[in-house]
Amino acid sequence: MSNNRVSRRQFLGYTLTGVGGFMAAGMLMPMVRFAVDPILQQHEGGDFVLTDQAVADITEEPVRVDFSFEQTDAWYVSEVTNSAWVYKEGDKLIALSPVCKHLGCTVNWAGDPEQPTQFFCPCHAGRYEKNGQNIPGTPPLGPLDEYEVQEQDGFVAIGAVRDNTLV
Amino acid sequence: MHFIAKEIDQYLNQQDYVDTAVVPLLQLDLSTNGMKPSAGASEYLQTLTALLEKQFKGRILLLPPVSYAKIANRQRIADELSEELQQTGFKHVFYLTTDAEWRTIESLKNVLWLPAIPIEDMDQSFKKSVMEDQLRQVLPLFMKEWSHHS
Ligand code: FES
């Protein structure tokens, strides 16, 4: 199962602010990105985490893809597993963050049997379209974040999180 | 949410939404032979509650494990904890434990007893799948409680 061809250490650069950093990451990462010269952003291929999900098996139906990296919180290094919802739009790979933009629960694709083509948040019934657009009238106030994603040797590799570019 | 100062600020602003407290109950056995299983149970319980927190971050407040000695009076702990929780705005409280003695305490509602699985020798990916399995057993209990009284 485990796939170590790319060192997990390469992901250290993305260390968040601690166990509670998922929420903050959504807000901070975009700000950090604005501060970086946009030209540099074209070349950050080294910071992707390789997963064991084959690109060939990805369809238009979002699937959960896990990826692990080491996170340093002060002196304490721990392995963190995050996941992304990955699907294809034509030939393009799309990876969305599962972190609900309301209060941070984990959303599920088709989690509500009555809405089989939406993401569903079990906490307060937040809902999102497949592209991450939040459904008005449910608690979330913004779209799901998006991960940078690419294919490496036939497998999905997940990069940095950023604001949703699809909606 | 975790019981850390930064997230408590957020909790205090969102109490209507974060309506469930989760209290891990952890027995300490520090005897020479008991220490390793005790540590293993602690690892299991805290791994499970961390996964639970990640799934339901916006609806639960995960308290730090309440740890006590083997001889502790469970009934007294139960009474004191309930009293402390009574003054909060939580609509639901869940206790998670691997300590079978809690099954005899009837005054506590929603005590989820799970036999500890020794996960310490498993490799990462196997441990992950075992713990996700465990999580899948617990999630519906929360969903059920929420759908009944919300
Ligand atoms: S945390 Fe997702 S709807 Fe509230």
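Overview of values
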| quantity | calculated |
| --- | --- |
| Candidates per trypsin sites (Lys or Arg not before Pro) in segment B:22-90, loop by DSSP, up to 13 other Cβ within 10 Å | B:K70 |
| For B:R74, net neighbour charge (Lys/Arg +1, Asp/Glu -1) across residues whose Cβ lies under 13 Å away | -2 |
| Residue-averaged beta-carbon neighbours from other chains (10 angstrom radius) around B:125-137 | 1 |
| Cα→Cβ-extended label distance, 7 Å offset, between B:A50 and A:T165, nm | 3.3 |
| Net charge of neighbours whose Cβ lies under 11 Å from the Cβ of B:A41, counting Lys and Arg as +1 and Asp and Glu as -1 | -3 |
| B:R103, A:R127 arranged by Cβ crowding within 10 Å, fewest neighbours leading | B:R103, A:R127 |
| Highest-first arrangement of B:16-23, A:72-79, where packing means the average Cβ count within 10 Å | B:16-23, A:72-79 |
| Theoretical FRET efficiency, 1/(1+(r/R0)^6), r = Cβ-Cβ of B:D29 and B:K144, R0 35 Å, to 0.05 | 0.60 |
| Descending principal axes extents, segment A:90-148, alpha-carbon based, whole Å | 33, 22, 18 |
| Qualifying lysines (Cα of each under 25 Å from Cα of B:K128; at least 8 residues distant if same chain) | B:K36, B:K54, B:K57, B:K144 |
| Distance in nm between pseudo-label sites at B:Y68 and A:D91 (7 Å out along the Cβ direction from Cα) | 6.4 |
| Radius ratio Rg over Rh of segment B:40-140, counting only Cα atoms, Kirkwood formula for Rh | 0.97 |
| Whole-Hz couplings from phi, Karplus 6.51/-1.76/1.60, listed for segment A:151-167; x for Gly and Pro | 9, 10, 6, x, 10, 6, 10, 10, x, 7, 8, 8, 4, 4, 9, 9, 10 |
| Estimated inter-spin distance, B:L112 and B:L85, nm [label 7 Å along Cα→Cβ] | 1.2 |
| Chain B: relative contact order as a whole-number percent, Cα under 8 Å and 6+ apart | 30 |
| Number of partner chain Cβ atoms within 10 Å, mean per residue of B:47-58 | 5 |
| Residue-by-residue Karplus 3J(HN,Hα) for segment B:93-100, coefficients 6.51, -1.76, 1.60, Hz, glycine and proline x | 10, 10, 10, 10, 8, 10, 8, 5 |
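Every read-out reported here was derived from the displayed coordinates using simple, explicitly stated rules and does not represent laboratory data. Since the structure is predicted, the reported quantities are computational estimates derived from the model, not experimental observations. Note that each Cβ is placed from the backbone with ideal geometry, even for glycine, and that neighbours are counted across all protein chains shown.
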